[in-house]
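See structure below.
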Amino acid sequence: MSSKAILFVIYLIVLAAGYWLRAVNLSHLKKHGTEIPAGFEESINKEILEKTTAYTLEKSRLGLVESIVDGIALILFLFCGLLGLYDRWVSSLSGSFILRGLLFFILLALAGILIEIPFSLYNTFGIENRYGFNTTTGRLWLTDLFKTTVISLLILSVMVVIALALIQWSPAFWWLWLWGFFAIFSILLIYITPYVIEPLFFKFSPIEQKGLEEKIISLMDKAKVKVSRVVQVDASRRSRHSNAYFSGIGKVKKVVLFDTLLKQMNHDEILAVLGHELGHWKKGHIRKRLIMIEAAALVSFFLAHRLLKWGGLPGLFGITHLSLPAQFVILMFLGSLVMFPLTPLSNWLSRRHEWQADQFGSELSGRPDALASALIKLSAENLSNLHPHPVYARFYYSHPPVVERIRRLRHDEIFRG
């Protein structure tokens with residue numbers, strides 16, 4: 001069996017495993033979807049659970065169709081000869097190494113955006129509209145699409161041009177310079193996003209609810225965390241989904257509350273949610289994740305360098321010659337195959353951090369019941385699946401299933417009492 005056939009079989013196995021996990025999860029939801037979990041009786045009834053089940057099924061079906069379309073596109077591109085044809089066509093457009101590479105990735109990115117548009121439209125104006133979440137207009141959706149596309153292509157262009165220039169400048173050690181550049185660039189984006197990118201999409205304003213900002217600042221002081229601003233964002237212009245988050249890093253940290261969240265929760269619950277987010281900062285989760293990502297990136301760049309130097313990547317797909325950008329596409333594909341079985345490990349670590357953040361937030365406020373109440377409201381308002389299959393959750397969930405979180409928080413409350 002040829003290397004191309006072996007890779008094709010491996011890819012089909014990965015796809016089949018993902019589809020099997022999805023099917024198991026949906027089957028579990030259909031069987032248990034109307035069961036009200038302990039502790040949810042006051043906030044959720046069977047009508048909400050039936051709506052949650054229908055919403056989850058529709059979202060999953062759309063995700064399945066999108067996954068099939070993406071899979072077919074990838075198979076045609078990598079296994080049916082389109083990669084070689086596309087690479088030769090782009091190479092004929094310019095004699096410049098950097099410009100050819102830029103065109104290669106920009107055009108691929110645009111193709112991906114075009115493929116995603118119909119799914120985004122159906123999700124926003126079909127599913128989200130049907131279940132009462134969508135508040136965006138067609139004009140706002142188009143504006144967001146334009147802004148997102150322009151920003152994404154600008155960032156991609158900067159990354160590609162500098163990366164190819166570094167490769168051209170230092171053929172032997174480009175992997176090290178590239179790793180350093182991407183590390184610095186990603187941290188720079190974290191710094192500038194709150195001030196440059198986020199205001200292009202959202203309007204930030206001072207907290208309108210009387211006394212809440214003072215309570216939030218007091219909570220931050222108690223945790224010995226300094227923030228530059230506490231603001232609310234007009235998320236309700238696009239959706240009724242709710243959330244809260246910290247934006248930025250270092251001295252530019254900003255507390256952002258969705259206006260939808262402010263309408264759904266009382267002050268104790270909002271403080272409990274922020275206490276959880278504070279837990280991630282105080283436990284160093286963001287720093288640890290960055291270190292792990294950069295360590296993995298360094299290894300990946302070195303392996304990429306060795307594989308490119310080997311020269312056999314085009315031959316894996318039965319092609320005699322491919323440009324460097326085209327070989328990077330093959331590397332990204334191989335990386336996705338390697339990362340699939342590692343997904344549960346990454347998500348296990350993420351869930352561990354979520355448990356620690358829950359514990360920190362509860363100890364900070366002394367009110368595990370407030371965080372439990374907030375999570376129940378978030379689940380009810382966002383129609384979150386309360387009955388994921390355990391195997392599916394262990395594989396894909398970056399957060400512990402909400403029912404398990406509530407059970408542990410309720411236990412902590414009883415223990416404290």
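The values are calculated or read from the model by the stated rules, or taken from the named source; none is laboratory data. This is a predicted model, so every value here is computed, not measured. Positions of Cβ are backbone-derived with ideal geometry, glycine not excepted, and every protein chain shown enters the neighbour counts.
Tabulated data for the structure shown
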quantity	calculated
Condition check for Ser186: polar (S, T, N, Q) and within 28 Å of Ser323 (Cβ to Cβ)	yes
Helices (runs of 4 or more DSSP H) wholly inside segment 341-417 containing at least 1 residues that are touching a strand residue (DSSP E or B) at 6+ places or on another chain (Cβ under 8 Å) and either on the phi < 0 side of the Ramachandran plot or modelled with pLDDT of 95 or more (or both)	none
Members of segment 50-96 that are aromatic (Phe, Trp, Tyr) and within 23 Å of Ala326 (Cα to Cα)	Phe77, Phe79, Tyr86, Trp89
Subset of segment 160-195 that is out of contact with any strand residue (DSSP E or B) (no Cβ under 8 Å at 6 or more places or on another chain), of a type in the set (S, T, N, Q) and outside any loop (DSSP other than H, G, I, E, B) - its residue that is farthest from Leu308 (Cα to Cα)	Ser186
Test: Leu140 is under 30 Å from Ser239 (Cβ atoms) and part of a helix (DSSP H, G or I)	yes
Restricting segment 239-262 to residues that are charged (D, E, K, R) and at pLDDT below 85, the residue that is nearest to Phe125 (Cα to Cα)	Lys254
Residue check, His305 within 26 Å of Leu345 (Cβ to Cβ), at pLDDT 90 or above and buried (at least 17 other Cβ atoms within 10 Å of the Cβ)	yes
Pair list, Cβ < 8 Å and 6+ apart or interchain, from segment 9-21 residues that are over 16 Å from Tyr392 (Cβ atoms) to residues that are assigned to a helix (DSSP H, G or I) and among the β-branched types (Val, Ile, Thr)	Tyr11/Ile75
Count of residues meeting criterion [within 14 Å of Leu21 (Cβ to Cβ) and either surrounded by 19 or more Cβ atoms within 10 Å (Cβ to Cβ) or touching a residue at least 24 places away in the same chain (Cβ under 8 Å) (or both)] in segment 386-403	9
Close pairs (7 angstrom Cβ cut-off, 6 or more residues apart or separate chains): within 13 Å of Tyr19 (Cβ to Cβ) and in contact (Cβ under 8 Å) with a residue 40 or more places away in the chain in segment 44-72, among the hydroxyl-bearing types (Ser, Thr, Tyr) and assigned to a helix (DSSP H, G or I) anywhere	none
Residue among Leu274, Leu316 that alone is modelled with pLDDT under 90 and either over 27 Å from Tyr86 (Cβ atoms) or out of contact with any Lys or Arg (no Cβ under 6 Å at 6 or more places or on another chain) (or both)	Leu274
Restricting segment 308-324 to residues that are aliphatic (A, V, I, L, M) and closer than 17 Å to Phe97 by Cβ, the residue that is surrounded by the fewest Cβ atoms within 10 Å (Cβ to Cβ)	Leu324
Within segment 1-111, helices (runs of 4 or more DSSP H) holding 3 or more residues that are under 22 Å from the mean Cα position of the chain (by Cα) and surrounded by 13 or more Cβ atoms within 10 Å (Cβ to Cβ)	3-32, 46-79
Out of Leu82, Leu78, Leu62, sole residue that is within 24 Å of Phe395 (Cβ to Cβ) and among the aliphatic types (A, V, I, L, M)	Leu62
Failed condition for Leu322, given (1) hydrophobic (A, V, I, L, M, F, W, C); (2) part of a helix (DSSP H, G or I); (3) closer than 30 Å to Cys80 by Cα	(2)
Matching residues, segment 120-137, being out of contact with any Lys or Arg (no Cβ under 8 Å at 6 or more places or on another chain), over 21 Å from Leu156 (Cβ atoms) and assigned to a helix (DSSP H, G or I)	Leu121, Tyr122, Thr124, Phe125, Gly126, Glu128, Asn129, Arg130
Which numbered condition Phe181 fails, given (1) in contact (Cβ under 8 Å) with a residue 40 or more places away in the chain; (2) surrounded by 14 or more Cβ atoms within 10 Å (Cβ to Cβ)	(1)
Cβ-Cβ under 6 Å pairs, at least 6 apart or on other chains, segment 136-154 side charged (D, E, K, R), far side loosely packed, with under 13 Cβ neighbours inside 10 Å	Lys147/Leu200
